[in-house]
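Shown next, in structure tokens, is the structure this report addresses.
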Amino acid sequence: MSKQQQSVVIGGGIVGVCCALYLQKEGHQVWLIDPAAPGDSTAKWSCGQMAVSEIIPLSKPGILKRIPGWLLDQTGPLALRPAAVPSILPWFLRFVGNARPSRINAISQAMATLTREVYNDFAALLALCPDKTLLGQRPVIEVFDTPHGLAAEREHLELRERLGFKAEMLDAGAIGELEPVLAGKFSHGVLFPDWCAVSDTKGFIAALTEAFVRQGGIRIDTEAATILEAQGVATGVTLHDGRMLSADHVVVAAGTGSRRFFPQLGVRVPLTGISGYQALLPQPEVEFRHSVIYADGGFCFTPMTRGLQIGGTIEFAGADARPDFRRAEIILQKARRLLPQLNDTAKEFGVGHRPFLPDTKPIIDRSRRLQNVLMAFGHGQLGLTLGATTGRLIADLAAKRSTAQDLTPFSAYRFMEGERT
């Protein structure tokens, strides 16, 4: 009888727990390592959307011209702290290099190979959860102040449609019918029928974690210190409290925290954290039926079981920068101008540090230095969307199976080889 495989997953956010669950499906005994409480991760402070066609990289054409404006206007939807410029400049130069049309197309095509599988991959995991309402059924809406805003997105909407994703144009009547709270406020919008939103980002991750534990998984609330190794393979993980866990496989899925393992993994990866701010209103006194992106405002409204979450603005602040919750207050002020009746009593502000790479693609790969260490990080704003698909692919890599998707574009070594993928 063959010995049961043992795996340690470093990072208990949405990507980490999905990797742990898919390894469990392979019959592994799995330890999930994270010092934070289940669900208290970057994805908690996200818009909660399964953004399956959000495949266009953040480095859209014309972004270079906007940088001076970001430095001058800290109230915009995307801000750059002046103090962060020196440290983030090398990353930014790579980022701007991905604004070429050829790169936009290549990145979008690669990302689409992953996002097309999102719902099938999550279905296998959500079947393990008693609450069948964790993943909402309603589509997502995007609204614009003027036809010019919509026209500016048309090229990218057409690219999404060529890659198999749907979008339906909305006029004022359709917007008001779908979302009465916005009746008379917008005349231009888009419905994404193949998107949906989770009912509670924190609860979603916590429910998956509970399913993992019910099936015999062990979650340890501490940090991983180092990866143990011998003769070119990982043998386990040392924890900050001194314990050692033996493992046949190690998965590094700790978001921006993955950086501390790069020397052991033998990779040089330009991974940075971009701060995404959110405001949560427990009793908003307005009703949203859908998650709604306000494109020109630079934020979105997402109704959740714990209240109305308003957020999406992002900030390039530099490594280990302290949160500036004035960014969340700016979001709330903009939301109040649109909806003066909003009740912000008992409001809560939060920030998630999105782990971004300059080409907006994640890393899903195997370490060449330690062949039994797998890497799953850098998902940017799509951690929630791509969690289950990443988990499935990591399980394939652990089993040394051919993957259904080509993982070359998601190699950890693409930045060391001239970014050819």
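The values are calculated or read from the model by the stated rules, or taken from the named source; none is laboratory data. As the structure is a prediction and not an experimental result, all values here were calculated from the model. Glycine gets a Cβ as well: all are built from the backbone with ideal geometry, and neighbour counts include every protein chain shown. What goes into the accessible areas is simple: the full protein's heavy atoms, side chains included, and nothing from ligands, DNA or RNA. Shrake-Rupley method; radii C 1.70, N 1.55, O 1.52, S 1.80 Å.
May I ask you to work out the translational diffusion coefficient for region 181-287 at 25 °C, viscosity 0.890 mPa s, via Stokes-Einstein with Rh from the Kirkwood sum over Cα pairs, reported in whole µm²/s? List each step's numbers first, then the result.
Working: Rh = 18.7 Å.
After rounding, the answer is 131 µm²/s.
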Next on the checklist: As a test of understanding, state the convex hull volume per residue of region 9-143 from its alpha carbons, in Å³.
Outcome noted: 180
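Please report the carbon-and-sulfur percent of the accessible area for the chain; probe 1.4 Å, protein heavy atoms only, DNA, RNA and ligands left out.
For the chain, the apolar C and S fraction of the accessible surface comes to 53 percent.
I'd like to compare 390-402, 149-161, 337-349, 194-206: which one has the highest average count of other Cβ atoms within 10 Å, and what's the full order after that? Display every interim value, and only then the final one.
On the way: 390-402: 20.5, 149-161: 15.7, 337-349: 14.1, 194-206: 23.4.
In decreasing order of mean packing, 390-402, 149-161, 337-349, 194-206 become 194-206, 390-402, 149-161, 337-349.
Determine the percent antiparallel among the DSSP beta bridges restricted to the chain, to the nearest 5.
Details: 47 of 68 bridges.
Of all bridge pairs located within the chain, approximately 70 percent are antiparallel.
Count the net charge of all other residues whose Cβ sits under 10 Å from the Cβ of R81, scoring Lys and Arg as +1 and Asp and Glu as -1.
Details: positive: none; negative: E315, D324.
In short, -2.
Put H188, H28 in order of accessible area, largest first, 1.4 Å probe: what do you get?
H188, H28
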Checklist entry - How compact and how long is region 94-140, expressed as Rg and Dmax of its alpha-carbon atoms in Å? => result 16.2, 46
Checklist entry - Angle between the Cα long axis of helix 383-398 and the longest principal axis of the chain, 0 to 90 degrees, nearest 10? => result 20
Next on the checklist: Taking θ = phi - 60°, what integer Hz values does the Karplus form 6.51 cos²θ - 1.76 cosθ + 1.60 yield along region 11-23, in sequence order, with x for Gly and Pro?
Outcome noted: x, x, x, 4, 5, x, 5, 5, 4, 4, 5, 5, 5
Next on the checklist: Placing one identical point scatterer on every Cα of the chain and ignoring solvent, what is log10 I(q)/I(0) from the Debye formula at q = 0.10 Å⁻¹?
Outcome noted: -0.66
Next on the checklist: Taking the Cα centroid of region 336-373 and of region 179-213, what is the distance between the two, rounded to the nearest whole Å?
Outcome noted: 15
Checklist outcome for this item: Computed over region 77-153, protein heavy atoms only, probe 1.4 angstrom, the accessible area per residue in square angstrom equals 47
Checklist entry - What FRET efficiency comes out for the pair A174/R100, r = Cβ-Cβ distance, R0 = 25 Å, nearest 0.05? => result 0.10
Next on the checklist: I'd like to check one number: the per residue accessible area of region 268-407, probe 1.4 Å, reported in Å² as a whole number.
Outcome noted: 35
Item to check | ³J(HN,Hα) computed for each position of region 25-38 - Karplus, 6.51 cos²θ - 1.76 cosθ + 1.60, integer Hz, glycine/proline x | outcome: 4, 7, x, 6, 7, 10, 10, 10, 10, 6, x, 7, 5, x
Checklist entry - Within straight cross-link reach of K132, meaning Cα distance under 26 Å, which lysines are found once same-chain residues fewer than 8 apart are removed? => result K25, K44, K166, K202
Next on the checklist: Given the -39500 (n - 2.57) contribution per DSSP H run of 4+ residues, what per-residue ellipticity at 222 nm results for the chain, rounded to the nearest 500 deg cm²/dmol?
Outcome noted: -9500 deg cm²/dmol
Next on the checklist: Please report the spacing between the Cα centers of region 264-316 and region 223-257 in Å, no decimals.
Outcome noted: 31
Item to check | Cα long-axis angle, helix 85-97 against the chain (0 to 90 degrees, to the nearest 10) | outcome: 80
